[in-house]
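Inspection log for the structure reproduced underneath, given as C-alpha cells.
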Amino acid sequence: MSKPHPTQTGLSRRTALAGVLALAGSAAPALAAPTVPDDAELLRVVKAGLEADAAFCQLSEAWSHTVDIPPHVEAQELALADALSDKWDEAGSLQAHTLAGLQAKARLALTAMPLNRNGAVSPGAPDYLAWSLCRDLLGVAA
C-alpha cells in the first residue's frame, strides 16, 4: 500500500496556473500595440473638396469664353466655391495622422493657392513656402 500524501497547505498547481493565466489575460490589453488613429474622416473631407474644385474648374473652363454668363451658372460656381471653402476649413481643423493624410491635406491646400500659369507660386509670394512644402509632401519636383 502506498502512503497517503500529506495535505498541502499552500497553493495547488491548478490554482497557481489559474492565477498566472488570469494575470496574463489582464495584462494583454496593456501589452497590445497602441491604436493609431486613421485619417478616414480627413480623406473623406479632402475627396469632397477636390471634387468641388474639379467641378468648379470644369464649369469655369466651359464658360470661360462667354461674356454674359447665365445666372444659374454663376450660382453653380458660387455654390462650388463655397463647398470648397468649407472643405478647406474642415480639413484644416482635422489633424493628419498618416503620410496619406498629410499628402491629401497638401493636395487640398494647393487648391487654395494663387498659382501662376505654370501651376506654381512665384518665389517671394507669401504662399511660396507653403506651396513648396506641399510639393515636397507630394513628391513633386518644383
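The values are calculated or read from the model by the stated rules, or taken from the named source; none is laboratory data. Please read these numbers as outputs of a predicted model, since none were measured by experiment. Glycine gets a Cβ as well: all are built from the backbone with ideal geometry, and neighbour counts include every protein chain shown.
Okay, here's what the table says:
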{"read-out": "Options G49, G101: the member that is at pLDDT 95 or above, touching a Phe, Trp or Tyr at 6+ places or on another chain (Cβ under 8 Å) and within 20 Å of A130 (Cβ to Cβ)", "value": "G49"}
{"read-out": "Test set (1) buried (at least 17 other Cβ atoms within 10 Å of the Cβ); (2) assigned to a loop (DSSP other than H, G, I, E, B) - L84 fails condition number", "value": "(2)"}
{"read-out": "From the options L94, L99, L115, residue that is out of contact with any helix residue (DSSP H, G or I) (no Cβ under 7 Å at 6 or more places or on another chain) and within 14 Å of A40 (Cα to Cα)", "value": "L99"}
{"read-out": "Cross-chain or 6+ apart pairs with Cβ under 7 Å, the stretch 108-119 first and in contact (Cβ under 8 Å) with a residue 60 or more places away in the chain, then assigned to a loop (DSSP other than H, G, I, E, B) and surrounded by fewer than 17 Cβ atoms within 10 Å (Cβ to Cβ)", "value": "none"}
{"read-out": "Residue in the stretch 9-32 that is closer than 29 Å to A104 by Cβ, of a type outside the set (K, R) and at pLDDT below 70 present", "value": "yes"}
